[in-house]
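Q: The structure that follows is given in the form of structure tokens.
Just so it is clear, none of the values below were taken in a lab; they were calculated from the coordinates. Treat the numbers as computed from the prediction; the structure is a model and nothing was measured. Please note: Cβ atoms are built from the backbone with ideal geometry, for glycine as well, and neighbour counts cover all protein chains shown.
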Amino acid sequence: MILGIETSCDETAAAIVKNGREVISNVINSQISIHQQFGGVVPEVASRKHIENIAWVVDAAFKDAALNYQDIDAVAVTNMPGLIGALLVGLSFAKAFAYGLGKPLIAVNHLEGHIYANFLEHKDIEFPAICLVVSGGHTSLLYMKNAGESEVIGETRDDAAGEAFDKVARFLGLGYPGGPAIQKAAQMGQPGIYKLPRVFLDRNEYEFSFSGLKTAAMNLWMKSLRRGENNVENMAAEFQAALVEILVEKTISAALHYKAGTVLLAGGVAANQALRETMARRAQNEGLKLYYPSLKLCTDNAAMIAGRAYYDYYNRNFSPLNINAHPNLFSV
């Protein structure tokens, strides 16, 4: 039984997972309503809300699991990457909790947690695999030899896909979070009316860049307004189509190049319906198997952290109590 704690951004989450597979409890306290007025996450506000919420969120996880503190075998916590203040709240709490109970501490990479969300729900994933981790803070392609061994083969050079969603949605007046807002507007629009570039698709590499796409969308929208055109649904549809095409084609290209028969989606943007449908269609055409988590496990949660920690627990790969938090992605 592993307690997982996740506070890398604006969700305060705690979960208890058995043997790396069975989710006993999974509690998430989201701050979306707090940050909506700012159009994005304010790091200092997020940290303060984590301090207010973490104790009762952990207690709620134990209550939902009908377990006592001493029933767990280890404490797992996200220590990288993320907002440094937010990470430190979770890490500090986890250290004290583990020390007080005399249980081992396991530090978990947030991106590895997102990847592992697939293994909580799918038992038949075959390797090698290509995994697209796409969220508000990260867009990365990984080659996975097995569940515990992966290599980053490409990542964004600037904005992450989720970050681009947020910025364009705010510019178009659609609200926050940007991914769901643009998806909703795009369902009432038509891609192709506006024309946006598919950045980096002409390059034989697995790097991403969404800053140019974001800027192109903003400039095109301003020009259309000056012409008296203001169909925000069509612009949302074109922006989503361009971003999704880039993500899908890069991923499928990597799978074919590395001769990987499996494609995994992970991260908050993996909840996007257009991304799921387009990736599923392309994967089927190429004879690839596609897996992605349910919507509740796409966004930040602690079940994925506790699940990923099971490998380290099994191998007795514990973390010292002086381990630090890191805002950047050092390795995956």
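Q: Can you put Met279, Met222 in order, fewest other beta carbons within 10 Å first?
A: Fewest to most other Cβ atoms nearby, the residues stand as Met222, Met279.
Q: Within the range 125-293, what percent of beta bridges assigned by DSSP are antiparallel, to the nearest 5?
A: Percentage antiparallel, nearest 5: 55.
Q: Calculate one ³J(HN,Hα) per residue across the range 176-181 by plugging θ = phi - 60° into the Karplus curve 6.51 cos²θ - 1.76 cosθ + 1.60, and present them in order as whole Hz with x for glycine and proline.
A: So the J values, rounded to whole Hz, are 10, x, x, x, x, 5.
Q: Mean separation of Cα pairs under 8 Å and 6+ residues apart, divided by the residue count of the chain: what relative contact order is that in percent? The partial results should precede the final answer.
A: Values: 736 pairs, mean separation 84.5, N = 332.
It comes to 25 percent, rounded to a whole number.
Q: Can you compute the charge dipole magnitude of the range 1-119 about its Cα centre, using +1 on each Lys and Arg Cβ and -1 on each Asp and Glu Cβ, nothing else charged? Give it in debye, rounded to the nearest 20.
A: On the way: 7 positive and 11 negative charges, 27 e Å.
Charge dipole, the range 1-119, about its Cα centre: 140 debye, nearest 20.
Q: Next question, about the same structure. Taking H placed 1.01 Å from N in the peptide plane, check which residues at least 5 places from Gln190 or on another chain put their amide H under 5 Å from its amide H.
A: It is Asn234, Ala237, by chain and number.
Q: Can I ask one more? Given the peptides 241-247, 140-146, arrange them by the average over their residues of other C-beta atoms within 10 Å, most packed first.
A: Top of the packing list down: 241-247, 140-146.
Q: Here's a follow-up. Whole-Hz ³J(HN,Hα) for each residue in the range 233-248, computed from phi via Karplus 6.51 cos²θ - 1.76 cosθ + 1.60 with θ = phi - 60°, x for glycine and proline: what do you get?
A: 5, 5, 5, 4, 5, 5, 4, 4, 4, 5, 5, 5, 4, 4, 4, 5
Q: Putting +1 on Lys and Arg Cβ atoms and -1 on Asp and Glu Cβ atoms, find which of Gly212, Met222, Ile252 reaches farthest to the positive end of the dipole of the chain.
A: Going by the Cα projections, it comes out as Met222.
Q: Build a GNM of the chain with springs between Cα atoms under 10 Å: which of Gly192, Gly175, Gly85 gets the top mean-square fluctuation?
A: Judging by the Gaussian network model, the answer is Gly192.
Q: May I ask for the angle, rounded to the nearest 10°, between helix 161-171 and the longest principal axis of the chain, with both axes built from Cα atoms and the value confined to 0 to 90°?
A: The two axes meet at around 60 degrees.
Q: Under 5 Å between amide hydrogens, which residues at least 5 positions from Ile153 or on another chain qualify, with H placed 1.01 Å from N in the peptide plane?
A: Those qualifying (amide H under 5 Å, at least 5 residues apart or on another chain) are Leu141, Leu142, Tyr143.
Q: Take every DSSP beta bridge with both residues inside the chain and express the antiparallel ones as a percent of the total, to the nearest 5.
A: 60 percent
Q: How high is the relative contact order of the range 214-305, in percent, with contacts defined as C-alpha pairs under 8 Å that are six or more residues apart?
A: Averaging sequence separation for qualifying contacts and normalising by length gives 26 percent for the range 214-305.
Q: Let me ask something additional. Measure up Lys145/Lys214; Lys167/Lys195; Lys49/Lys250; Lys63/Lys123; Lys214/Lys289 against 29 Å on the Cα-Cα distance and list the ones that go over.
A: Distance filter (> 29 Å) returns Lys145/Lys214; Lys49/Lys250; Lys214/Lys289.
Q: May I ask you to evaluate 6.51 cos²θ - 1.76 cosθ + 1.60, the Karplus curve with θ = phi - 60°, for each residue of the range 204-214 and list the ³J(HN,Hα) values in order in whole Hz, giving x for glycine and proline?
A: Working through the residues one at a time gives 8, 8, 10, 7, 10, 8, 10, 5, x, 5, 4 Hz.
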